[in-house]
1. Would you rank Thr105, Thr2 by solvent-accessible area, highest first, keeping every protein chain in place and using a 1.4 Å probe?
2. To two decimal places, what compactness ratio does the range 159-272 give when its Cα radius of gyration is scaled by 2.2 N^0.38 Å?
3. Round to the nearest 10 and report in Å² the accessible area of Leu257, as given by a 1.4 Å probe over the protein chains' heavy atoms.
4. Rank these by accessible area, largest first, 1.4 Å probe: Ile249, Ile135.
5. Can you give the extra length, in nm with one decimal, that the chain gains between Thr2 and Val295 once fully stretched, where that is 0.36 nm per residue apart less the Cα-Cα distance?
6. With every protein chain kept in the model, how would you rank His180, His271, His129 by accessible area, 1.4 Å probe, largest at the top?
7. Where in the range 256-284 does the amide nitrogen come within less than 20 Å of the point 7 Å from the Cα of Ala95, taken along Cα to Cβ?
8. So how many Å³ per residue does the convex hull of the Cα atoms of the range 212-299 work out to?
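The values are calculated or read from the model by the stated rules, or taken from the named source; none is laboratory data. This is a predicted model, so every value here is computed, not measured. All Cβ positions, even for glycine, are placed from backbone atoms using ideal geometry, and neighbour counts span all protein chains on display. Areas reflect the complete protein model, heavy atoms only, side chains present, ligands, DNA and RNA absent. Shrake-Rupley method; radii C 1.70, N 1.55, O 1.52, S 1.80 Å.
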Amino acid sequence: MTPLILFAVALLLSVLIYPVAIGWLARARLGQQIREEGPSAHHAKAGTPTAGGIVFLLLAFILYLVLIALFLGGALGFFDDVAAIRGGRNLGLKARQKIVVQLLTGALLGWLALRWGLTNQLVPFDGRHAIGGWIILVAALAVAAGSNAFNLTDGSDGLAAGTGAVTFGALALIAVLQHHPGVGLMPAVLAGVLVGFLFYNLFPARLFMGDTGSLALGTAMVAAAIATGFLWYLPLLALVFTIETVSVIAQVASFKLTGKRIIRMSPLHNHFIVAGWRETPLALWFWTGSLVAAVPALALARPGSGA
């Protein structure tokens, strides 16, 4: 199958399966817990079925490295979702517990990449170079950053799902442009699953992906970048996720150093929600930003582009 066909199949299956998942998660009382310090507009979402990312895992059972990443990230996210629900607050696992698991997961993916000969990565403006055993350290840091970035972005209806669909779709196209369509199969599947998920996640959301989905997808995004040799370019391709993460880091640093906030509420999407933006237009703007970032990334991925 080509990436395009798998995208269509994944989209169709997800549209059919998600209503069943919503019913099952509701009966299992896996309802979202809302952070008290978050936007007040989000408090009405308490109880919306979460952990919908488990469907991503069921529909994406196809290819090696990205598949392993998806399940390892999803397992961490599922335990986090369950811990948060049982605790009655949107806290889940401690930050240090998650970061340790994320670093270990990334190190494992890096080791597998080394074993499978996936250390050739496109270096900006310098061509393709093998980074050897350094892939283990780089992958560990990338997974910690990528999975947390996806998780931070998943805070408004449809925002992370649509942005992620663009990013995974671009990774699938990059694989095709590089004449390795097989590598693009898993990103194509995940793009299709995310587009299908949007039917139920756009405002007002009937289902949240939860940490089960966001941590899994962030980890899979890094694995797909490794498989396509595009790891160094991932911050550009996933620019929206990068900006969301930087907004949190900058906000925390500013508050600790000066006692002042640089935006109303972090991550960045919460700044706009507190300012009165509606969630659907906000998601559309973020998707547009992701599409704009994908254009130069795809140009750089073309053979003979000088990358």
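1. On the way: Thr105 15, Thr2 70 Å².
Ranked list, largest accessible area first: Thr2, Thr105.
2. Numbers: Rg = 16.1 Å, N = 114, 2.2 N^0.38 = 13.3 Å.
Ratio of Rg to 2.2 N^0.38 Å for the range 159-272: 1.21.
3. Per-residue accessible area (Leu257): approximately 150 Å².
4. Working: Ile249 110, Ile135 0 Å².
The ordering from most to least exposed comes out as Ile249, Ile135.
5. Details: separation 293, 0.36 × 293 = 105.48 nm, distance 2.18 nm.
Result: 103.3 nm gained on full extension.
6. Numbers: His180 105, His271 45, His129 85 Å².
Listed by decreasing accessible area, they come as His180, His129, His271.
7. Those under the cut-off are 256-271.
8. Working: hull volume 10.4 nm³, N = 88.
Spelled out: Cα convex hull of the range 212-299, divided by residues, is 118 Å³.
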